[in-house]
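The values are calculated or read from the model by the stated rules, or taken from the named source; none is laboratory data. Because the structure is predicted, anything quoted here is derived from the model rather than measured. Please note: Cβ atoms are built from the backbone with ideal geometry, for glycine as well, and neighbour counts cover all protein chains shown.
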Protein chains: 6
Amino acid sequence: MRQLWIDERIAYDGSQLRAHWVLDRCGIAGDAIVGFRGPCSVHASEIADLADIDGPGIAADDMVHFVWESFTAADLLLAVHRQRLLSAQAVEVLHELAPAAIVRRDGDDLWVGTGKLSISIATVSPVSSLVHFAVNAAAGGAPVPIAHLAELGVDAAIFGKALLQRVVDEQASITVARAKVRAKGEWR
Amino acid sequence: MRQLWIDERIAYDGSQLRAHWVLDRCGIAGDAIVGFRGPCSVHASEIADLADIDGPGIAADDMVHFVWESFTAADLLLAVHRQRLLSAQAVEVLHELAPAAIVRRDGDDLWVGTGKLSISIATVSPVSSLVHFAVNAAAGGAPVPIAHLAELGVDAAIFGKALLQRVVDEQASITVARAKVRAKGEWR
Amino acid sequence: MRQLWIDERIAYDGSQLRAHWVLDRCGIAGDAIVGFRGPCSVHASEIADLADIDGPGIAADDMVHFVWESFTAADLLLAVHRQRLLSAQAVEVLHELAPAAIVRRDGDDLWVGTGKLSISIATVSPVSSLVHFAVNAAAGGAPVPIAHLAELGVDAAIFGKALLQRVVDEQASITVARAKVRAKGEWR
Amino acid sequence: MRQLWIDERIAYDGSQLRAHWVLDRCGIAGDAIVGFRGPCSVHASEIADLADIDGPGIAADDMVHFVWESFTAADLLLAVHRQRLLSAQAVEVLHELAPAAIVRRDGDDLWVGTGKLSISIATVSPVSSLVHFAVNAAAGGAPVPIAHLAELGVDAAIFGKALLQRVVDEQASITVARAKVRAKGEWR
Amino acid sequence: MRQLWIDERIAYDGSQLRAHWVLDRCGIAGDAIVGFRGPCSVHASEIADLADIDGPGIAADDMVHFVWESFTAADLLLAVHRQRLLSAQAVEVLHELAPAAIVRRDGDDLWVGTGKLSISIATVSPVSSLVHFAVNAAAGGAPVPIAHLAELGVDAAIFGKALLQRVVDEQASITVARAKVRAKGEWR
Amino acid sequence: MRQLWIDERIAYDGSQLRAHWVLDRCGIAGDAIVGFRGPCSVHASEIADLADIDGPGIAADDMVHFVWESFTAADLLLAVHRQRLLSAQAVEVLHELAPAAIVRRDGDDLWVGTGKLSISIATVSPVSSLVHFAVNAAAGGAPVPIAHLAELGVDAAIFGKALLQRVVDEQASITVARAKVRAKGEWR
């Protein structure tokens, strides 16, 4: 699994959560997670979570985005677990970068008090699974009250790169753990 | 998925991490997680993690144990992800019960400073996946330096029941999330 | 797995056999089977069975419809088995409601003499498996000779609700059976 | 998928429900269902259904047995569906051979009044799925009240061969159905 | 798995690599490989390999084509392995038909010196896996230097039929091999 | 996927084809193929291919062995395809090292004239798939007429290392190919 932090800003509109966008944009073929900073405004036609279609909209002026595509193990149920674990990892990274901040995880959402800090979705394409996770970097542009990295005193790029590294490290350790365990038998 | 806190103490020796132990012990047929308190001493023949076989041994005098068996989705890679998420959830529960404590997750292990707070393994039987996760409740009996709930001021049963509830709630929300997402297409 | 009998009549045109139609129409997220009464006229563009595209058309004036969507186990081969079992269950329900009737199952089709009593298809969406099964409630509108519930003296809604219940009950018993069986070894 | 009726009587003790027993006994490599007549007495160590271990025992003096091993699609959940469909097919065959008989299916069990007509289990080996289904051919030897083919006026071998044929025919039609269906898209 | 050599020439434009094209064109429902001769000119919209989209184009005046669709085991990773094995089988057939020729396999491509002898792709549809493999039969029409069967002294139809037979024979032997092997246990 | 040529000779008796033998022997956790030289004498209890149990025995004095364990994609049908491709790759390597030799592949067996050059089996453990492939390095010890590398003028270690490299390279290219292909739609 590869990682890449893209220094260029990219306006996320949902079309990035497609099969092979990472290949097309970054030239990486295979399991990868990429991060970048940019505004967010998801077209209704690109909204994957049906619960969001009639919602207030998915938008913010400045976010740190992560797009994770997996070909090797592309099951949707697994992708949702990876998304939840990614959310928990984000809390852990924030705890290291801003020990005084109280960040709460509720499923795939992060909250600081009553401010929503993140958005996320896990889905599938015909050939892969896909996860989008994004954290507000600064105020502005959101249809709901938000929290953001700036008010936590966290640098967006440092956070982005730290989370990429944590995801890749944990996936590597998961691969080893899966290969080191032996099966168990039947009770009585 | 069902949950059960067993009030009776059970000495965990590794044989509980078998297919249908939950059915045999608790009469629950199907996906379930159960929790109980008791000492831990895993027989070498029952050690699932090959990395542990030549290690210092797996033992402690007083732990809160969780045994999770899944039949519906029994893939080992998924089980390892569930195990990691379970570890992250344990940190979250501890953060609520003991806000001042600094608990660090490293893969499936929890640490408080240099004291190891937990042990865990994820494996498969021929018909299910299995996760064992256990947190030290009090001092004593371990072959390595440990941390424990008592020194964090956390009641073992309260912690155990809270973590059971969190796991079951999050699995329910994962099931709904998986069923509410639509697929995405192909780039260009 | 949830069930719902929709009292309102719905004109089935094949577009109901889509991912998340049950969620959109009934607000149910997750594995579910719903039943309703209404006419049937499947647009060619919505016909899933390629054997039917050049056939006489799929239509009838009054049918009892069932739409079953599964996310948890969405394999197509499994869906076809579920469809066949559903057809067999329909015969069993009819045998209870109209003991004198001779209903014959041929694959996923039910017949009364030379009258075709039912239509059915099992297919997949990118995120789920889907089964449509429908039984003629009254005469009229079909391009082939049909049998119908009215001539068997069977009330459409009673039949519909009874079959929903039977499907849900049997799926529950299948889940338990799958979780109660232990694996077997190798011969010699 | 192949079928074979074995004319020789075989005493079923549960050890036949093993991987490759059909290969070893009949020389058939691959997906197959075989039928034979013989007494039944399942050793406790061979009982696959944990619900039966502390039960009255699994025995009868004269049964028609079916052993079905699948390598191509060896999932346990699918095997349980095949087992249920097999039970329904048995009712259909009996309805043809003994139209006056009232045979009721409850899950994988067949009943005639309060007499249990059949036993069945579906399980897995490390390389295949396995189904045993057996119908009492004559009275005697059972620990519970039974019904049997003789009292229904049904010849055991005729029944056995007819059910083998029905299973093989339906599996063939399922394979074709799965290959003739096209996928459906997403709602709105 | 069935095979068919189509005597009529068919102009391959990529649209043949679709779910159910074999059913539509040849009336075969289920796993099958078909072969035919014809020119090749793949529309950009039909190119499956993203590495080819900005390439020199996929075209030649006269090729022997193979289209292989699998429903029974439709996993993409398996399909790529089948494609590679198919390429190796083509070399083996050519070695028999033209022993003096030096044909080199590089992944899914065959080469004779610096001339490209073949093209290939493996992909999936929503219900099946699909492989296209084609070998140049004669010179002309290609955007890159090619080798062809004519210069090797190999008759296109003889080659085509021989490769069809080899694929079908090896898949049959694979099915038997998979059903004849027993599982192995755990080290120490 | 990792590779390792073990310089030390190892007597292959079949017990090496176990889950985690590579981990235990070489300290490699995860998908890997290892090669070594040594005699071969497979205990009947370790024979995985049931067709071999009553055969002449599996033995030779000097072979080049390959043991390949896969955790990431552990399906048995895939493993048999990998085994067949491995056999084809061995022919390709031999063709490079000994261009004048005529080596014929028949399924997973290699032949030189009437001499059997290789043995092979693909199987599964509860947590992985396993392939053993071995080529005779020198004469002696076999219960059937054999061919061997020495008479082809091929150095055993050079062959062994070249085949390891080819397998790893092709698996890497397969991973990329699987990640670069887009899905295809439905015919008409």
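Is it the case that some residue within segment C:131-148 is at pLDDT 95 or above and farther than 21 Å from C:GLY57 by Cβ? No.
Candidates in segment C:149-175 are the residues that are within 25 Å of D:LEU78 (Cβ to Cβ) and hydrophobic (A, V, I, L, M, F, W, C); of these, the one that is nearest to the other protein chains (Cβ to nearest Cβ) is C:ILE174. Filtered by the rule that a residue be under 26 Å from E:PHE159 (Cα atoms) and among the small types (Gly, Ala, Ser), segment E:60-77 gives E:ALA60, E:SER70. Being hydroxyl-bearing (Ser, Thr, Tyr), surrounded by fewer than 24 Cβ atoms within 10 Å (Cβ to Cβ) and either under 20 Å from D:GLU8 (Cα atoms) or touching a Gly at 6+ places or on another chain (Cβ under 7 Å) (or both) is not true of D:SER70.
Looking at segment B:2-14 only, could you name the residues that are within 14 Å of chain A (Cβ to nearest Cβ) and crowded, with 17+ Cβ neighbours inside 10 Å? Once the filter is applied, which keeps residues that are within 14 Å of chain A (Cβ to nearest Cβ) and crowded, with 17+ Cβ neighbours inside 10 Å, segment B:2-14 yields B:TYR12, B:ASP13, B:GLY14. Among the residues of segment E:15-60, those identified as out of contact with any His (no Cβ under 7 Å at 6 or more places or on another chain), farther than 13 Å from D:LYS180 by Cβ, facing chain F (nearest Cβ under 9 Å) and in a loop (DSSP other than H, G, I, E, B) are E:SER15, E:GLN16, E:ARG18, E:ILE47, E:ALA48. Within segment F:24-39, the set of residues being in contact with a strand residue (DSSP E or B) (Cβ under 8 Å, 6 or more places away or on another chain) and crowded, with 16+ Cβ neighbours inside 10 Å comprises F:ARG25, F:ILE28, F:GLY30, F:ASP31, F:ALA32, F:ILE33, F:VAL34, F:GLY35, F:PHE36, F:ARG37, F:GLY38, F:PRO39. Restricting segment C:123-135 to residues that are within 18 Å of C:VAL42 (Cα to Cα) and touching an Asp or Glu at 6+ places or on another chain (Cβ under 7 Å) leaves a set whose member that is surrounded by the most Cβ atoms within 10 Å (Cβ to Cβ) is C:LEU130. Note on segment E:53-82: residues that are closer than 30 Å to F:LEU86 by Cβ, in contact (Cβ under 8 Å) with a residue 24 or more places away in the chain and not small (Gly, Ala, Ser) amount to 15. Scoring B:ILE146 on the criteria (1) more than 24 Å from A:SER87 (Cβ to Cβ); (2) crowded, with 22+ Cβ neighbours inside 10 Å; (3) within 14 Å of chain C (Cβ to nearest Cβ) leaves a single failure, condition (3). Among the residues of segment C:49-73, those identified as of a type in the set (A, V, I, L, M, F, W, C) and under 24 Å from C:TRP5 (Cβ atoms) are C:ILE58, C:ALA59, C:ALA60, C:MET63, C:VAL64, C:PHE66, C:VAL67, C:TRP68, C:PHE71, C:ALA73. Beta carbons closer than 6 Å, at least 6 apart along the sequence or on distinct chains, pair a first residue in segment B:10-27 that is closer than 13 Å to B:GLU69 by Cα with a second that is at pLDDT 95 or above and of a type in the set (Val, Ile, Thr) for B:GLN16/B:VAL67; B:ALA19/B:VAL127; B:VAL22/B:ILE28; B:VAL22/B:VAL34; B:CYS26/B:VAL34. When the criteria are applied in full, A:ASP54 meets the requirement of being more than 17 Å from the chain's Cα centre (by Cα), surrounded by fewer than 20 Cβ atoms within 10 Å (Cβ to Cβ) and among the acidic types (Asp, Glu). Filtering segment F:108-127 to residues that are facing another protein chain (nearest Cβ under 10 Å) and touching a Ser or Thr at 6+ places or on another chain (Cβ under 9 Å) leaves F:ASP108, F:SER120, F:ALA122, F:THR123, F:PRO126, F:VAL127. Taken together, A:LEU86, A:LEU94 contain a single residue that is among the hydrophobic types (A, V, I, L, M, F, W, C) and more than 28 Å from A:VAL127 (Cα to Cα), which is A:LEU94.
Filtering B:ALA48, B:ALA88 for residues that are surrounded by 17 or more Cβ atoms within 10 Å (Cβ to Cβ) and modelled with pLDDT under 95 leaves a single hit, B:ALA48. Within the set D:VAL131, D:VAL135, D:VAL124, the sole residue that is in contact with a helix residue (DSSP H, G or I) (Cβ under 6 Å, 6 or more places away or on another chain) and closer than 20 Å to D:GLY38 by Cβ turns out to be D:VAL131. Looking across segment D:160-174, just one residue is out of contact with any His (no Cβ under 8 Å at 6 or more places or on another chain), surrounded by 16 or more Cβ atoms within 10 Å (Cβ to Cβ) and closer than 17 Å to C:VAL131 by Cβ, and that is D:GLU170.
Report yes if B:LEU130 is at the interface with another protein chain (Cβ under 8 Å from one of its Cβ atoms), touching a residue at least 12 places away in the same chain (Cβ under 8 Å) and not hydroxyl-bearing (Ser, Thr, Tyr), otherwise no. Against the criterion (at the interface with another protein chain (Cβ under 8 Å from one of its Cβ atoms), touching a residue at least 12 places away in the same chain (Cβ under 8 Å) and not hydroxyl-bearing (Ser, Thr, Tyr)), B:LEU130 qualifies. The residues listed here are F:ARG178, F:ARG105; of these, the one that is more than 19 Å from F:MET63 (Cβ to Cβ) and either within 14 Å of chain A (Cβ to nearest Cβ) or surrounded by 20 or more Cβ atoms within 10 Å (Cβ to Cβ) (or both) is F:ARG178.
Yes or no, residue by residue, for (1) modelled with pLDDT under 95; (2) over 22 Å from F:VAL127 (Cβ atoms); (3) in contact with a helix residue (DSSP H, G or I) (Cβ under 6 Å, 6 or more places away or on another chain):
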site	(1), (2), (3)
B:ALA29	no, yes, yes
B:VAL34	no, yes, yes
B:GLY38	no, yes, no
B:ALA59	yes, yes, no
B:TRP68	no, no, no
